[in-house]
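One structure is given here, and the rest of the page talks about it.
Rule-based calculations on the coordinates, nothing more; no lab input. Quick caveat: nothing in here was measured; it's all calculated off a predicted structure. Here Cβ is always computed from backbone atoms with ideal geometry, including for glycine, and neighbour counts include all displayed protein chains.
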Amino acid sequence: MQFTSLQPLIEAAWLDRTLLQTTETCSAIEAIMEGMDKGLLRVAEPHESGQWRVNEWVKKAVILYFPIRKMETIEVGPMEFHDKMVLKKGYAALGVRVVPHAIARYGAFLSPGVILMPSYVNIGAYVGARTMVDTWATVGSCAQIGSDVHLSGGVGIGGVLEPIQAAPVIIEDGCFIGSRCIVVEGVHVEKEAVLGANVVLTASTRIIDVSGASPVEYKGRIPARSVVIPGSVPKDFPAGNYSVPCALIIGQRKPSTDLKTSLNDALREYNVAI
């Protein structure tokens, strides 16, 4: 199916919600959700230029999916849920390992080789091949997680639905996200970066590369292969000078064809907690 042919229907319904009562519009939304569930369509995708392209109209379809769904009771053994969204199924056919009590919603795509420890993957998310979503980690709505990524225990990857122009969180291939890290508000973590435990990244977090002779500052982006730890910087307030959180880039992963070895070396060399 050429999903782009459905874009005019989505854009029209976005401006006129009465169109959600028509069969044509509802069928278009359902088709888009099925495409996302199968990985045929994404909220954001890498472009051949090396940049990422956000498909805002797809995100609009995700938002419009909620009002066309009705609440229903879902029973799983002795457990009961009451929600509008069904859960993802068919993990064996997908080649995905799902440990109780991991949950993924329909409309999220899980590539072959993904492992879900007890965790949560929300609607519209994309998780690449062989990625580990570790215990109590969450992958928010529309977040884009690459292949061979490790989301350690308790990691919080933020979701984004509204405002519609907001970009989703992007974690590129080969990244290691340490325990209890938080990555939200459309932050982009580039390939093979390592975040030590408890790093918090928001759109306004100061990201400071302190590995050279002079500091270099970023916002909203962790450069590829960076090794990052939590830090703090002084800031003046009316009540005095206090330290506020930042993220410090303290080095780079060394080139290696064996990314696991490279990761271990990076963690040992920089004494990064994971």
Self-check item: Candidates 221, 69, 206, ranked by Gaussian network fluctuation over the chain, Cα under 10 Å, top entry
Solution: 69
Quiz item: Based only on Cα atoms, what Rg/Rh ratio does segment 115-190 have, Rh being taken as Kirkwood's radius?
Solution: 0.93
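Would you mind ranking 242, 65 so that the residue whose beta carbon has the fewest other beta carbons within 10 Å leads the list? All intermediate terms of the calculation are to be shown ahead of the outcome.
Values: 242 10, 65 22.
Fewest-to-most ranking of 242, 65: 242, 65.
As a test of the formula, what do you get for the chain when each DSSP H run with n ≥ 4 contributes -39,500 (n - 2.57) and the sum is divided by the residue count, at 222 nm and rounded to the nearest 500 deg cm²/dmol? Show your work: numbers first, answer last.
On the way: 5 runs with 53 residues, N = 274.
Rounded to the nearest 500, the figure is -6000 deg cm²/dmol.
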Practice problem: Quick one: check the C-alpha center-to-center distance for segment 2-76 versus segment 100-129, whole angstrom. | Solution: 19
Quiz item: In terms of the Cα gyration tensor, with a ≥ b ≥ c the square roots of its eigenvalues, is segment 47-193 rounded because a/c is under 1.5, prolate because a/b exceeds b/c, or oblate?
Solution: oblate
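Per-residue counts of other Cβ atoms within 10 Å, averaged by peptide: what ranking do you get for 106-114, 48-56, highest first? If you can, show how the numbers build up before the last one.
Values: 106-114: 20.4, 48-56: 12.0.
Descending mean neighbour count gives 106-114, 48-56.
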Quiz item: Roughly speaking, what is the stretch gain from residue 221 to residue 11, that is 0.36 nm per residue apart minus the C-alpha to C-alpha distance, in nm to one decimal?
Solution: 72.6 nm
Exercise. Within the set of other residues whose C-beta is less than 14 Å from the C-beta of residue 45, count the net charge using Lys and Arg as +1 and Asp and Glu as -1.
Key: -1
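With all distinct Cα pairs included, what does the Kirkwood hydrodynamic radius of segment 3-68 come out to in Å, to one decimal, could you say?
Values: mean 1/r = 0.0824 Å⁻¹.
For segment 3-68, the Kirkwood estimate is 12.1 Å.
Less than 13 Å Cβ to Cβ from residue 116, Lys/Arg counted +1 and Asp/Glu -1: what total charge do the surrounding residues give? Before the final figure, lay out each step's value.
Details: positive: 88, 97, 105, 130; negative: 134.
Net of charged neighbours comes to +3.
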Exercise. Order the peptides 186-196, 224-234 from the highest to the lowest mean number of other Cβ atoms within 10 Å of their residues.
Key: 186-196, 224-234
Exercise. Compare 177, 157, 74 in a GNM of the chain, Cα atoms joined below 10 Å, and give the one with the largest fluctuation.
Key: 74
Quiz item: What nm value, rounded to one decimal, do you get for the distance between residue 129 and residue 271 when each label is placed 7 Å out toward the C-beta?
Solution: 3.9
Quiz item: Once you treat every alpha carbon in the chain as an equal point and sum by Debye, what is log10 I(q)/I(0) at q = 0.07, 0.11, 0.12 Å⁻¹?
Solution: -0.28, -0.66, -0.77
Quiz prompt | Computed FRET value (nearest 0.05) for residue 24 with residue 91, which takes r as the C-beta separation and R₀ as 35 Å | solution = 0.60
Self-check item: Inter-site label distance for residue 49 and residue 34 at 7 Å from Cα along Cβ, in nm
Solution: 3.3
Practice problem: Would you work out if segment 33-126 is rounded, prolate or oblate? Take a ≥ b ≥ c from the square roots of the eigenvalues of the alpha-carbon gyration tensor; rounded if a/c is under 1.5, else prolate when a/b is larger than b/c, oblate otherwise. | Solution: oblate
Quiz item: How far is helix 56-68 tilted, in degrees, relative to the longest principal axis of the Cα atoms in the chain, given as a value from 0 to 90 rounded to the nearest 10?
Solution: 50
Quiz item: What residue among 198, 241, 122 has the largest mean-square fluctuation in a Gaussian network model of the chain, using Cα springs under 10 Å?
Solution: 241
Quiz item: For segment 3-68, what's the relative contact order in percent, using C-alpha pairs closer than 8 Å and at least 6 residues apart?
Solution: 35
